[in-house]
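Student: Handing you a structure now.
The values are calculated or read from the model by the stated rules, or taken from the named source; none is laboratory data. What you see is a predicted model, and the numbers here were worked out from it, not measured in a lab. Heads up, the Cβs are rebuilt from the backbone with ideal geometry, glycines too, and the neighbour counts pull from every protein chain shown.
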Amino acid sequence: MRGGVLGRVFPVSEGSVPELVRAVALEAERAWKQYAVPGATGPGTVPEIARAISPTDREQAVRLMARPAAGDLAHPGLPRCDPAHARRTAERVARLLGRRAVWHTDIGDPSSGMHTWSPVTRHTFDGAVAGTGGGFTVVLVQVSED
């Protein structure tokens, strides 16, 4: 695996969802910069991140949080952790944020069988999920290279 998953919890007062996704994406880029394709670029501004993410529902957010936590975007057959454990953890995060939480992601609808996304980093593969509720924003970003 060439990359990783980074999650952060912020008080909502620390910024908008695009600002916080950008902060975690930058941190992920720094943490796994040795794996990025030389010269690769990605969104560099908060408005670009805002255009890359879109609303999603709670159930989809849980699925999208569990998937990158359990596996690798570039190498789906390489498990990071037990998928059931990843699912339980994602469900717990969703419960802690509450039923009124608002969710966003850069990942397209996986029911099509295709993995589509709008990048939030300079890495070849990435996935971001963010939820806001209960006074907090949770952001999860995975980056990966093949």
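Student: For the stretch 115-136, enumerate the residues that are within 16 Å of Val62 (Cβ to Cβ) and buried (at least 23 other Cβ atoms within 10 Å of the Cβ).
Tutor: Answer for the stretch 115-136, where residues must be within 16 Å of Val62 (Cβ to Cβ) and buried (at least 23 other Cβ atoms within 10 Å of the Cβ): Gly127, Ala128, Val129, Ala130, Gly131.
Student: Continuing with this model, one more query. Is there any pair with a first residue in the stretch 83-109 that is within 23 Å of Arg51 (Cα to Cα) and a second that is of a type in the set (Gly, Ala, Ser) and part of a helix (DSSP H, G or I) whose Cβ atoms are under 6 Å apart and which are 6 or more apart or on different chains, and what are they?
Tutor: Matching pairs, first to second residue: Trp103/Ala61; Asp106/Ala52.
Student: Within the stretch 77-114, take every residue that is of a type in the set (Asp, Glu) and surrounded by 13 or more Cβ atoms within 10 Å (Cβ to Cβ) and give me the one that is modelled with the lowest pLDDT.
Tutor: Start the filter on the stretch 77-114 by keeping residues that are of a type in the set (Asp, Glu), which leaves 82, 91, 106, 109.
Still in the list and also surrounded by 13 or more Cβ atoms within 10 Å (Cβ to Cβ): 91, 106.
Details: Glu91: 96, Asp106: 93.
Ranking the candidates gives Asp106 first.
Student: Next up: Among the residues of the stretch 32-52, write down those that are touching a residue at least 60 places away in the same chain (Cβ under 8 Å), out of contact with any Asp or Glu (no Cβ under 9 Å at 6 or more places or on another chain) and part of a helix (DSSP H, G or I).
Tutor: Hit for the stretch 32-52 is Arg51, nothing else.
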